[in-house]
Amino acid sequence: MDKDHEPLLNDKDCEAKSGTLYSTAADTPKCNFISARHALALLTFFGFVNVYALRVNLSVALIAMVNNTAGEGLDNITKECKEPLLNESHDDITGEFNWDSESQGIILSSFFYGYIFTQIPGGMLAERIGAKKLFGFGILCTTLLTMLTPLAARTSFTALVVCRVLEGLGEGVTFPAAHALWANWAPPLERSKLISFSYGGSQIGTVIALPISGLLCQAWGWPSVFYLFGTCKSRLATA
C-alpha cells in the first residue's frame, strides 16, 4: 500500500513497516514519545515555515539591492533645500541595481505568476507520485532557487524574474501536497487541529524571516539573505 494513502488513526503504529510514515529503524525512535501523525504535523509545520521564509525574504532584500539614489527620483530634487542635516548619516547602503518601481513590482509579483499554475496540478501529482515526495520536492525546489537568486540578479533582470517564476512553480505544490497528506493521515476528530497547527507555519515563517532579513542585509549584504536562508532550509528539504 502506498505510504501516503494509509490512514493512521492511533498512536500504536510505531513499527518500521511498509505503509507507515517511518519506514527505517532510524526514524522509529520518535514514536517512543510522539505519534506518527503528530510527527507529520511538526514536519509540515516546519516545512511551511521554510517555504514562507524563502518567499518573503526578497521583499526586504530588494530594498538593499536597489540603488535608491539613481533614477527618476533625482529629477524631483530641488536645489532650494540644501541645508545639511545635523544628524545626517553617511553609512547608508546603496544597492547595485538601478531598477525603477515598475521593475521592482515585476520582480516581487513574478513569484505568483508561477505559483498560481501549480495549485490544481499539484493535487493531481500528489495522488499520482505521492504527497510526501511532492511536498519535499516543493521545499527543495524553493530552497535551491533561493540560493541561485543572487547569481540570477547579477546576470540580468530577466534571469531574476525567471528564477522567481520557477520558485513559485515549485512552491505552489506544497499546499496541495499537504492537503493530500492530511486527507489520509489525520483522524476526522483531530483533522482541524492538526491542519491548523501545520499551516500555522506559514505565518511563523513570515514573522521570522522579515526582521532577520533586514539584519542580514545590514551586517553582511543582501546576498547573505538568500545564501543563509537557503543553506539552513536545505537540511529540512532533504530530511
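What nm distance separates the two modelled labels at residue 157 and residue 96, each placed 7 Å from Cα along Cα→Cβ?
1.8 nm
Short version: ³J(HN,Hα) in whole Hz for each residue of the stretch 39-44, in order, from phi by Karplus 6.51 cos²θ - 1.76 cosθ + 1.60 (θ = phi - 60°), x for Gly and Pro, what are they?
Coupling constants for the stretch 39-44: 5, 5, 4, 5, 5, 5 Hz.
Under a 5 Å amide H to amide H cut-off, with H placed in plane at 1.01 Å, what residues pair with residue 67 once short-range neighbours are removed?
HN-HN under 5 Å from residue 67: 95, 96, 97, 98, 99.
Students often check this: by mean Cβ neighbours within 10 Å, which of 116-128, 193-205, 157-169 ranks highest, and how do the rest follow? Numbers along the way, then the final one.
Values: 116-128: 15.5, 193-205: 17.1, 157-169: 19.8.
Packing proxy ranking, top to bottom: 157-169, 193-205, 116-128.
Report in % the part of the accessible area of the stretch 107-239 that belongs to carbon and sulfur, leaving out ligands and nucleic acids; probe 1.4 Å. Numbers along the way, then the final one.
Details: 4720 of 6450 Å².
Taking all protein chains in place, the stretch 107-239 shows 73 percent carbon and sulfur surface.
Enter the accessible area of residue 207 (Å², nearest 10), with the probe set to 1.4 Å and all protein chains included.
We get 100 Å² for residue 207.
Can you give me the orientation-averaged projected area of the convex hull built on the Cα atoms of the stretch 112-202, in nm²? Write out the running numbers ahead of the final one.
Details: hull surface 24.4 nm².
Quarter of the Cα hull surface area: 6.1 nm².
The values are calculated or read from the model by the stated rules, or taken from the named source; none is laboratory data. Everything numeric in this text was worked out from a predicted model, so none of it was measured. Virtual Cβ from ideal backbone geometry, glycine too; neighbours counted across all protein chains shown. What goes into the accessible areas is simple: the full protein's heavy atoms, side chains included, and nothing from ligands, DNA or RNA. Shrake-Rupley method; radii C 1.70, N 1.55, O 1.52, S 1.80 Å.
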